[in-house]
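The values are calculated or read from the model by the stated rules, or taken from the named source; none is laboratory data. Everything quoted here is computed from the prediction, not taken from an experiment. Using ideal geometry, Cβ is built from the backbone for each residue, glycine included, and neighbour counts are taken over all protein chains shown. Note: areas computed on protein heavy atoms with side chains; ligands, DNA, RNA excluded. Shrake-Rupley method; radii C 1.70, N 1.55, O 1.52, S 1.80 Å.
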Amino acid sequence: MKGHDERDFIGYGRRPPRPRWPNDARLAIVIVLNIEEGAEPSIPDGDGATELALTDGIAQEVPTGMRDFVAESLFEYGARVGFWRIVDTMAERSVPLTVNACAQALLRNPDAAEAIKTHGFDLCCHGDRFVRHFLMSEAEERSAIGRAVAGFEQAVGRRPLGWQSRYSPSRHTRALLVEHGGFLYDSDSYADDWPYWVRVGERPHLVIPHSFTNNDNRLATAKLGTANDFFDHLSSAMRVLHEEGRRHPRMMTISLHSRISGQPARFEAVTRFLDFAAKHEAVWFAGRSDIARHWIATHPPGQDQ
């Protein structure tokens, strides 16, 4: 087992694990909804500029200290409309959803927090605010992790079981998560089709990779153009993984954002993919904490996987 900050170009290699997913599923699918709206950097919150990330706003040379009301309102659309479009669909179809939320976003939208609580959605923490942890000092990050967990407990009544940083963790993040305690895993990796263990100090720590590839950020950054493009992208990935799953069952993560896939012009990709996946046998839709619990039970650290 490698240290959490060591690079690993081998992984499982020619000896992939036997996941033993429930009901002999060939493919485990995790759908993640990132909730960042209301936690993003903004001038009213004391930041130096308005956040533009993953919006349909047009980058402008706004003078320092001036608010960008277009970008602000695009974030607001995600919270006011997009969130409900996605969440209601998942609840109606009984699809497990992993809510990857910033604590401040939940605290500012109690109706959304109540819906998450009512539906019992899986909770993963995306930070206290939608900010880059790799720019923080160790002390700043320790404090932010504590505020984030407390914010979840206040907003939803339970703590998150997973963690994912905005873009990248710092070199301290995993050690601070282990120090804080209560996390089953983190998703600050994009390195594999299966969960894997790393060593943090002398302790084993589970990593469940996320995806920047099966991610609607490709729509917001114009790497993909339309809902049809995104559906084709996701369905292609699923066909490959589902076929490979005949021999070595796999995991597929799909990452959505309320302000992106919650827009009507893009939302159809979500429903089309759910219809497509439903036509396949031996598929397990799971929350990421379900994946973590299963892996801890069936592939504990130190055992042959």
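Brief remarks on what is shown
- Within the accessible area of segment 1-137 (1.4 Å probe), percent carbon and sulfur: 50
- When the GluC sites (Glu not before Pro) in segment 118-222 are filtered for DSSP coil states and for at most 15 other beta-carbon atoms within 10 Å of their beta-carbon, the remaining sites are Glu202.
- Taking a point 7 Å out from the Cα of Tyr167 in the direction of its Cβ, the residues of segment 113-153 whose backbone N falls within less than 16 Å of it are 127, 129-137.
- For the chain, accessible area per residue (1.4 Å probe, heavy atoms of protein chains only), Å²: 46
- Rounded to 0.05, the FRET efficiency of the Arg18 and Met66 pair, given R0 = 51 Å and the Cβ-Cβ distance, is 0.35.
- Over the chain, relative contact order from alpha-carbon pairs under 8 Å, at least 6 apart, %: 28
- Options Val283, Gly78, His133, ranked by Cα towards positive dipole end of the chain, top entry (Cβ charges): Val283
- By accessible area, using a 1.4 Å probe on protein heavy atoms only, segment 223-269 has 49% of its surface on carbon and sulfur.
- Charge dipole (Cα centre; +1 on Lys/Arg Cβ, -1 on Asp/Glu Cβ; no other charges) of segment 1-105 amounts to roughly 1080 debye.
- A crude spin-label estimate for the pair Asp45 and Thr298, with each label 7 Å from Cα along the Cβ direction, gives 3.8 nm.
- Relative to the compact-globule estimate of 2.2 N^0.38 Å, the Cα radius of gyration of the chain comes out at 0.98.
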